[in-house]
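Notes for the one structure printed next.
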Ligand code: ADP
């Protein structure tokens, strides 16, 4: 059963119950009011006849009274104190006779309703005692219950029709309302099904300010995020395969050349060194990719410890020195004091190596690169400054994005893949630190890491 049917049925059941209680109460009340009115009317007519009889007890008065009640569904009967019928509008006297002993037995001194059972008795009966000198007795009024029961039946019938119609209308209204209410939910369900099938083109027009509206906005955001992720993944895979295929082509080509028998040792050495360089580049790329994958999955840990700055920095300098020398770059370490750094030394080394690698890649020959490290407010500041090509201001905010490269072709000639800085940023953030950059095109860049 779908949600709109459930909702409609729930509301319907509650309203039906309320309506039944209300109708039952109203039905009973109206009937009682009507019956009370019939009793009052009968008592009033009876009292009227009795008063006339007391004022002027004569044959003609009695005849008059009988005449008055002749042509309606009321009957009148005048009896004396002993129960003998003096006159009656009712021709079928034996039927009346069964009420007379009741009147005598009750011996009522005031006007009263003698028989009130309108459901089972053919009449409701009122008694009105009179006394005029020697004439003493009772005026009995009879009201046929047939008309009362007919009135009740009519009323019940109308209640039935009104009830059934309102139930029908309520059912239709709830059906429509619940459909309107659940339509956005059904749209959202369809949208999520589309998402799960990989179709991210979902439009949810529902814009209300309630929880359904918020859910709709969240689903659209989810769709956009998924689409972006899918796009990023595709771009990532495309550039990874491109990045890997370029050095592989070189490797295959140079390997074939190096295998030639007509080469002398120097030439072979030259080609082998190119092969080795490309292989190293591939290795670095794969390492960076793996790092990034691990960081993305959040399954890498940062285990912080205290270690001394000086040996840590010298080790890094030793690692990068050969490649710097090869490019005729001067690397200067600006670190006056030895102090203790609190970080994951391997991860921090990765951060600094990435920054130094970029500084080397994007610097011209015979320029200088500074690695400055100092302690400030109990935190470690690492600065890598170069006099290289710099980064255009419009690119600065994106360079830490995964696979973002300033001028893709330029970056490739420098051997970049757009991964290094995103790894740096994630590692710095995992340390609870910050990384910022200042750069001027043609003048150089400074990357500042605080952890
Ligand atoms: P890549 O592997 O391409 O260097 P990164 O994520 O390390 O990727 O850097 C992103 C981009 O930022 C690079 O394409 C490069 O253009 C620019 N960049 C990074 N460091 C420097 C720098 N020291 N000098 C100039 N540009 C830089």
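Details
- Flag if residue 93 is at pLDDT below 85 and surrounded by fewer than 16 Cβ atoms within 10 Å (Cβ to Cβ): yes
- Only one entry of 382, 371 meets the criterion of being part of a strand (DSSP E or B), within 50 Å of the chain's Cα centre (by Cα), within 16 Å of the ligand (Cβ to nearest atom) and surrounded by 21 or more Cβ atoms within 10 Å (Cβ to Cβ), and that entry is 382.
Yes/no per residue for (1) at pLDDT below 90; (2) under 27 Å from residue 280 (Cα atoms); (3) in a loop (DSSP other than H, G, I, E, B); (4) more than 10 Å from the ligand (Cβ to nearest atom):
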site: 410; (1), (2), (3), (4): yes, yes, no, no
site: 426; (1), (2), (3), (4): yes, yes, no, yes
site: 429; (1), (2), (3), (4): no, no, no, yes
site: 446; (1), (2), (3), (4): no, yes, no, no
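- Checking segment 209-232 against the condition returns no match, with no residue being surrounded by 12 or more Cβ atoms within 10 Å (Cβ to Cβ), part of a loop (DSSP other than H, G, I, E, B) and free of Cβ contacts under 8 Å to residues at least 24 places away in the same chain.
- Single unsatisfied condition, residue 354 versus (1) assigned to a helix (DSSP H, G or I); (2) in contact with a strand residue (DSSP E or B) (Cβ under 9 Å, 6 or more places away or on another chain): (2)
- Among the residues of this structure, residue 405 does not count as one that is surrounded by fewer than 18 Cβ atoms within 10 Å (Cβ to Cβ), modelled with pLDDT under 90 and within 12 Å of the ligand (Cβ to nearest atom).
- Some residue of segment 149-163 being assigned to a strand (DSSP E or B), surrounded by fewer than 15 Cβ atoms within 10 Å (Cβ to Cβ) and touching a residue at least 12 places away in the same chain (Cβ under 8 Å): no
- Of all residues in segment 345-366, those being closer than 13 Å to residue 428 by Cβ and either assigned by TED's automatic domain parsing to the domain that holds residue 284 or near the ligand (Cβ under 9 Å from one of its atoms) (or both) number 2.
A quick yes/no check of all residues on (1) at pLDDT below 95; (2) part of a loop (DSSP other than H, G, I, E, B); (3) within 9 Å of the ligand (Cβ to nearest atom):
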{"residue": "399", "(1), (2), (3)": "yes, yes, yes"}
{"residue": "416", "(1), (2), (3)": "yes, yes, yes"}
{"residue": "423", "(1), (2), (3)": "yes, no, yes"}
{"residue": "442", "(1), (2), (3)": "yes, yes, no"}
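- Scanning segment 228-242 for residues that are at pLDDT below 75 and farther than 23 Å from residue 281 by Cβ yields a total of 0.
- Residues of segment 176-195 classified as surrounded by fewer than 16 Cβ atoms within 10 Å (Cβ to Cβ) and within 17 Å of residue 14 (Cβ to Cβ), total: 2
- Subset of segment 386-395 that is more than 9 Å from the ligand (Cβ to nearest atom) and not in a loop (DSSP other than H, G, I, E, B) - its residue that is surrounded by the most Cβ atoms within 10 Å (Cβ to Cβ): 393
The values are calculated or read from the model by the stated rules, or taken from the named source; none is laboratory data. In this text the structure is predicted, and so the values were computed from the model without any measurement. All Cβ positions, glycine included, derive from the backbone under ideal geometry; neighbour counts span all protein chains shown.
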